[in-house]
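As structure tokens, the structure follows; a few thoughts come after it.
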Amino acid sequence: MQANERSNIELLKEIAEFLNEETEMEQMLKGALRKLLEGTLFETGWIFFINDKGKQELIAHENLPDALQQNECRLLQKGGCWCVSRFQNGELEKASNIIECKRIVHTRKLSSKDYNKITHHATVPLQSGQEQFGLLNVATPNTIRFSEGELALLESVAFQIGSAIKRILLTKQEQQVALVQERNRLARDLHDSVNQLLFSVTLTARGGIEMTEQQDIRDTFKEIQYLTQEALTEMRALIWQLRPKGLETGIIEGLKGYGEILGLTLDVNVKGVINLPASVEETLFRIAQEALNNVRKHAGVLQAELYLTVTSTDILLVVKDEGCGFHLNQLERLRSIGLQSMRDRAHAVGGTVDWVTEWNKGTEILVRLPY
């Protein structure tokens, strides 16, 4: 294929240089697509990520015709597709011509918008070694077949992109390991210093109570002992959050253990098999911790119900208490008890958090996370 005043080698070098820059995944993929289209006769392209369960995500696209872009590219992601089926069956190993894309045909039937005379596309798997991440698709108006040279160039670009994806994933894994190590260090420091100091204050206050007969002084020491004990409970909960040992034996046992630290009795109900990716499990664990903290601090009760339901695509969590509830129009209080923090965590992985509450009738926290 002729590159626009550049050889294929120069184009591949440019793409490689871009992929080696420190950028976010989506930005990197969009930029690589843009450079590919600028340097070839391909006019549009899109990238799907496909996980082990076959779930697809349109992660990047460039120069799509209006018909394919409408409704957030819904028609491009809906229905059967030869390339996705071959990918999922492990039959797509190199760049291939698609006879006719079912999704594009379906879009032409349903949409009155311009499809820019695109009917066919080429596809190539994105992989690094034996690990596959998804598909790179490209198309050109009035083109039903691409040459061997064009497909060879596409394979070279896909190899570069697959290697870059793997590099980013490895970097994120290293960052996660470093984060866990830092949390463990901080947890140890808190346990060895602040936690021990608070325990010493508790013992000192207890001794002060025994050393005096004056009631006002005894009451003062009792108040110090009570406040210090509350601070110890908070500190142990914080240490647990930093280093959630319970996750080693599963999220349910972890949450039960955390509830015990807070002095809560949990009634746990589980439906479905819990086998979650580490990132989803930790997000769910952190949200549930925040919900249990709210029960302990604000509900005025020491019991809560926890419902966990796992479906083929989502995990649903409900944390329910029969405490005092709160008014939804109390925005400042909502922020102070961490509801926005829970929403932020859920949104970061494509999930949602909602709540149902009524004064003196308790609260339900409703969490839905995809996986």
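The values are calculated or read from the model by the stated rules, or taken from the named source; none is laboratory data. A quick note: this is a predicted structure, and the numbers were derived from the prediction, not measured. Positions of Cβ are generated from backbone atoms using ideal geometry, with glycine treated the same way; all protein chains shown enter the neighbour counts. Calculation scope for accessible area: heavy atoms of the full protein, side chains included, ligands and nucleic acids excluded. Shrake-Rupley method; radii C 1.70, N 1.55, O 1.52, S 1.80 Å.
Here are a few things to note about the model shown:
- Of the residues making up the range 83-122, those that are open to solvent by 30 Å² or more (accessible area, probe 1.4 Å) and basic (K, R) are R86, K94, K102, R108, K109, K113, K117.
- Condition met for A231 (modelled with pLDDT under 75 and either open to solvent by 70 Å² or more (accessible area, probe 1.4 Å) or within 25 Å of N294 (Cα to Cα) (or both)): no
- Among the residues of the range 47-57, none qualifies, meaning not one is open to solvent by 10 Å² or more (accessible area, probe 1.4 Å), assigned to a helix (DSSP H, G or I) and either at pLDDT below 85 or of a type in the set (S, T, Y) (or both).
- For the range 35-46, the criterion of being open to solvent by 30 Å² or more (accessible area, probe 1.4 Å), in a loop (DSSP other than H, G, I, E, B) and of a type in the set (K, R) is satisfied by no residue at all.
- Any chance A304 is at pLDDT 90 or above, within 17 Å of the chain's Cα centre (by Cα) and crowded, with 18+ Cβ neighbours inside 10 Å: no
- A single entry from K35, K30 fulfils the requirement of being at pLDDT 80 or above, touching a helix residue (DSSP H, G or I) at 6+ places or on another chain (Cβ under 9 Å) and within 15 Å of L136 (Cβ to Cβ): K35.
- Of residues in the range 63-80 being modelled with pLDDT of 80 or more and in a loop (DSSP other than H, G, I, E, B), the one surrounded by the fewest Cβ atoms within 10 Å (Cβ to Cβ): N63
- Residue ID - most open to solvent (accessible area, probe 1.4 Å), chosen from residues in the range 131-173 that are β-branched (V, I, T) and not in a strand (DSSP E or B): I144
- Selection status of N63, within 22 Å of D114 (Cα to Cα) and polar (S, T, N, Q): yes
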